[in-house]
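Before any comments, here is the structure.
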Amino acid sequence: MLSNQVLNKIMTDIHKIMGVDCSVWSMEGRFLCGTCADCSKVQQRLMGALEKVVLRGERVTKQYGFFLVRDEGQPMYVLALQGGLENGRMMGELCVSQFEHLLQAYKTRIDKNRFYQNLLLDNLLIVDIFNQARKVGVEAEARRAVFVIEPKQESDNLILETIKGLYVTGSRDFVTAVDENHVIYIKGLDRMEDYPDLEHTANALADTINTEVMVGVRVAYGTIVENIQEVSKSYKEAMMALDVGRIFYEGREVLAYNELGIGRLIHQLPISLCEMFMKEVFEDNVLEQLDEETLGTVNLFFENSLNISETARKLYVHRNTLVYRLEKIQRITGLDVRVFDEALAFKIALMVSKHMKAMQQ
């Protein structure tokens, strides 16, 4: 069943191209949409000719033409043409042909969307994946990667429609959604394309959405897979990358599953092991004694490879001021972050603490 928006677009195009008024009616004679100024006359004529239209497939006079539109052999709509119909039969048959092709295309699109959604959510048996892929025209043996786009604020369907319009260039590409918060882009890859190309695509997606839709997003992608059965694996990896990035790498717009580092390891730790580790490193609630300025200082110190001079320069403070702050951290936590081993323990403890908070939420 086509939407009213699509039906209206078809009627408008027929009216512009052929110069006749046209309308679409249900099989019960109910008006759906059209360009006719007074559809009551068309309805009267249609109700009188409906049985013949259903029986013969058409009914054409000098002023009116009624044509049956079928979907897989079953009557679906009646197309009505009104005006000077010198070549009414040919015009109607041409319109019906295009109408029925469009119905089939939309049905294929819906079936393909349903197939990909079930595939991503593991709702298909292995034996069914390849059978259904063949039915909906999806190539089974092809390289693909899954990108998941997560908007930082609500964006309706703008992101979904933008990606469909700009990035779905081949039969192996597809865009869908399985919830309200994420758009999924399944990209078909050539043999020469590899992970640098995926990173380029992810950055292009983020930039395009930010420019076209004016919405900030995070884009994550999974590993490259070789057949349709493994697409759900790449999707789960991309979703995990988003989860890990949300906790540990808040500033990143692009997240790759195979570049998550220690964040991926910590993300998979159970809460019991995390609590045990925190007790070994810190006393109870010791991290809560550190304010945002202190935590920002130590994180910048880590980013600059424990280089005091470079960190002080970027903080616009005197070197001795930075040393005083680091000594303050040592007094509170018992760890001297100027020493590599203790800095490593502190860094991991910060990440474990974020992971615990995320799990508790």
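The values are calculated or read from the model by the stated rules, or taken from the named source; none is laboratory data. Small disclaimer: the values here were computed from a predicted structure and weren't measured. Every residue, glycine among them, receives a Cβ derived from its backbone with ideal geometry; neighbour counts consider all protein chains shown. Accessible surface is based on the protein model in full, side chains and every heavy atom, while ligands, DNA and RNA are left aside. Shrake-Rupley method; radii C 1.70, N 1.55, O 1.52, S 1.80 Å.
Computed from the Cβ-Cβ distance with R0 of 41 Å, the FRET efficiency linking residue 347 to residue 191 stands at 0.55. For the pair residue 38 and residue 359, label points projected 7 Å from Cα toward Cβ lie 7.6 nm apart.
Using alpha carbons only, the radius of gyration of region 201-331 set against its Kirkwood radius gives Rg/Rh = 1.08. With R₀ set to 22 Å, the beta-carbon distance separating residue 327 from residue 299 gives a calculated FRET efficiency near 0.80. Ranking 17, 300, 324 by Cα position along the charge dipole of the chain, where only Lys, Arg, Asp and Glu carry charges on their C-beta atoms, puts 17 farthest toward the positive end. Counting only Cβ charges, +1 for Lys and Arg and -1 for Asp and Glu, the dipole size of region 117-165 around its Cα centre is about 220 debye. For region 94-159, what class follows from the C-alpha gyration tensor (a ≥ b ≥ c being the square roots of its eigenvalues): rounded when a/c is under 1.5, otherwise prolate if a/b is larger than b/c, else oblate? Since a/c reaches 1.5 but b/c is at least a/b, the shape of region 94-159 is classed as oblate. Helices in the chain, meaning DSSP H runs of at least 4 residues, each add -39500 (n - 2.57). Divided by all residues, the mean residue ellipticity at 222 nm is -17500 deg cm²/dmol. Can you tell me how region 242-316 classifies by the Cα gyration tensor, rounded, prolate or oblate, using a/c under 1.5 as the rounded cut? Verdict is oblate for region 242-316. Other residues whose C-beta falls under 14 angstrom from the C-beta of residue 166 contribute a net charge of -2, scoring Lys and Arg +1 and Asp and Glu -1.
Remark on residue 254: its backbone amide H falls under 5 Å from those of 219, a criterion applied only to residues 5 or more positions apart or on other chains, H modelled at 1.01 Å from N. Looking at the chain alone, DSSP beta bridges between its own residues are antiparallel in about 90 percent of cases. Computing Cα extents along the principal axes in Å for the structure here picks out one of [x] 50, 48, 43; [y] 96, 46, 39; [z] 70, 60, 35, namely [y]. The charge dipole of region 27-71, taken about its Cα centre with unit charges on the Cβ of Lys, Arg, Asp and Glu (plus for the first two, minus for the last two), comes to roughly 180 debye.
Per atom type, the chain shows carbon and sulfur on 49% of its accessible surface, probed at 1.4 Å. Within the full protein context, the accessible area of residue 305 is estimated at about 100 Å² for a probe radius of 1.4 Å.
Taking the Cα centre of the chain as reference, the dipole from Cβ charges on Lys and Arg (+1) and Asp and Glu (-1) amounts to some 1200 debye. Using a simple spin-label model with points 7 Å from Cα along the Cα→Cβ vector, what separation in nm is obtained for residue 317 and residue 136? In this crude spin-label approximation the distance works out to 5.6 nm.
Going by the alpha-carbon gyration tensor, a ≥ b ≥ c the square roots of its eigenvalues, is region 49-99 rounded (a/c under 1.5) or, if a/c is not under 1.5, prolate (a/b greater than b/c) versus oblate? Oblate, since a/c reaches 1.5 and b/c is not below a/b. The trypsin sites (Lys or Arg not before Pro) of region 126-184 that DSSP puts in a loop, and whose beta carbon has at most 12 other beta carbons within 10 Å, are 152.
Put a dot 7 Å past the Cα of residue 98, heading toward its Cβ, do the same for residue 178, and the two dots end up 3.9 nm apart. Per residue, the chain exposes 56 Å² of accessible surface when a 1.4 Å probe is rolled over the protein heavy atoms with every protein chain present.
Set the Förster radius R0 to 22 Å, insert the Cβ-Cβ distance between residue 17 and residue 166 as r into 1/(1 + (r/R0)^6), and round the FRET efficiency to 0.05. Once the sixth-power term is evaluated, E becomes 0.20.
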